[in-house]
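Participant: Just dropping this structure here.
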Amino acid sequence: MAQAITRRHLVDRFGRHVDYVRISVTDRCDFRCVYCMSEQMEFLPRQQLLTLEELGTVARAFTELGVVKLRITGGEPLVRHNIVALLEQLGQLPGLGELVLTTNGSQLPRYAAQLRKAGVRRINISLDSLRAERFRRMSRRGDLHKVLEGIAAARAVGFERIKLNAVILKGYNQDEVCALANFAGERGLDISYIEEMPLGSVDGHNRADTYYSSDHILADLRQQFTLEESDYATGGPAHYYRNVQTGTHIGLISPHSHNFCASCNRVRLTCEGRLLLCLGQEHSRDLRPVVRARPFSMAALKQTIHEAMHIKPRGHEFQLQGEPVIMRHMNLTGG
Ligand code: SAM
Ligand code: SF4
């Protein structure tokens, strides 16, 4: 009973229950994916980032307010120094049902076993192309072979679920939709396809020109696979299908073509400690001064988080044409 009351703690003006937080632990990354960053990025000075201890404190406040799922992301979370120590700490938070991670996979050969041991149950690995040259073109710096090794390492250590994420861009990788589904299916992995979102300005392409809708992706997949509607749900924005040939799931994340805000159950913490109430809006509360206040008060931190729910907006307003409405890049926000 006590558990049920706790879970009801974070509720916004529209009656949506927030029980899922995505935490960006760094804005840095070893890749520069064309849809996520510019070629030349200036990263935040380190003192502006929450320390690992501060991240742990904020995460604990959330779980004490009924949050049951934490996703650690970035930037590339596995380039943050001592990230495993933070994950070990989070893995032991009372009340936390799921600790999950999103990564580009490049550091997984080194870290997969430690992550599993720390209590990470599920992992999302980004994979946009199976062709080494093209992979390099999209990530600007990535090495496909390292990522494939990382996927193999993750499979070997027995995560409960591994899901691949692919951002599909016309003129880059739209002809690999089925190849990626085959790759995933042959390995018993799920895969989600993501429409590019207009977060921050990017310098390599015009987003309106590269837009490839989920409807196109679905049509491509249906040329090769039999897809059944699935009620499989992770509480996220993906709409899932079951691939009859492989028995695995295929998700479509469509911020442009299908708005997913009505069932939103999540908020995000940027690596600087800004609590973002919506990925596609700027409504936020700065938690850094609260967590850095001396003396520190857990009650004040929880109160600030609680009050922030009142400014969670109804939904995002992504648009394809013109300047991005949101100037921050995805690496800051945590995808
Ligand atoms: N570095 C990790 C990775 O790439 O998986 C975690 C952070 S990354 C920001 C999280 C996810 O956001 C990735 O799957 C990435 O492909 C996706 N992403 C980044 N920028 C995006 C954008 N502008 N639109 C849609 N998805 C984006
Ligand atoms: Fe790095 Fe992930 Fe952004 Fe690619 S999508 S640049 S891997 S943070």
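Participant: For the stretch 190-210, what are the residues that are in a loop (DSSP other than H, G, I, E, B), in contact with a helix residue (DSSP H, G or I) (Cβ under 8 Å, 6 or more places away or on another chain) and buried (at least 21 other Cβ atoms within 10 Å of the Cβ)?
Facilitator: Scanning the stretch 190-210 gives GLU195, GLU196, MET197, PRO198.
Participant: Oh, and also: When only residues in the stretch 174-196 that are of a type in the set (S, T, N, Q) and within 17 Å of GLN223 (Cα to Cα) count, which is farthest from ligand 2 (Cβ to nearest atom)?
Facilitator: The extreme case among them is ASN182.
Participant: Please work out which residue is farthest from ligand 2 (Cβ to nearest atom), limiting yourself to the stretch 68-95 and to residues that are of a type in the set (S, T, N, Q) and in a loop (DSSP other than H, G, I, E, B).
Facilitator: Only one residue tops the list, namely GLN92.
Participant: Ok, one more. Output the number of the condition that THR51 fails; it satisfies all remaining conditions of (1) more than 30 Å from ASP203 (Cα to Cα); (2) touching a residue at least 24 places away in the same chain (Cβ under 8 Å); (3) surrounded by fewer than 22 Cβ atoms within 10 Å (Cβ to Cβ).
Facilitator: Going through (1) more than 30 Å from ASP203 (Cα to Cα); (2) touching a residue at least 24 places away in the same chain (Cβ under 8 Å); (3) surrounded by fewer than 22 Cβ atoms within 10 Å (Cβ to Cβ) one by one, THR51 breaks only (2).
Participant: Follow-up. Mind counting the residues in the stretch 148-158 that are crowded, with 21+ Cβ neighbours inside 10 Å and farther than 17 Å from ALA181 by Cβ?
Facilitator: Total meeting the criteria: 2.
Participant: Which is modelled with pLDDT of 95 or more and within 16 Å of ligand 2 (Cβ to nearest atom), of LEU65, LEU55, LEU49?
Facilitator: LEU49
Participant: Filter the stretch 93-135 down to residues that are within 14 Å of ligand 1 (Cβ to nearest atom) and among the charged types (D, E, K, R) and give me whichever is nearest to GLU195 (Cα to Cα).
Facilitator: That would be ASP128.
Participant: Would you confirm whether any residue within the stretch 197-206 is within 16 Å of ligand 2 (Cβ to nearest atom) and in contact with a strand residue (DSSP E or B) (Cβ under 6 Å, 6 or more places away or on another chain)?
Facilitator: For the stretch 197-206, residues within 16 Å of ligand 2 (Cβ to nearest atom) and in contact with a strand residue (DSSP E or B) (Cβ under 6 Å, 6 or more places away or on another chain): present.
The values are calculated or read from the model by the stated rules, or taken from the named source; none is laboratory data. Every value quoted in this text rests on a predicted model; they were computed, and no experiment measured them. Glycine gets a Cβ as well: all are built from the backbone with ideal geometry, and neighbour counts include every protein chain shown.
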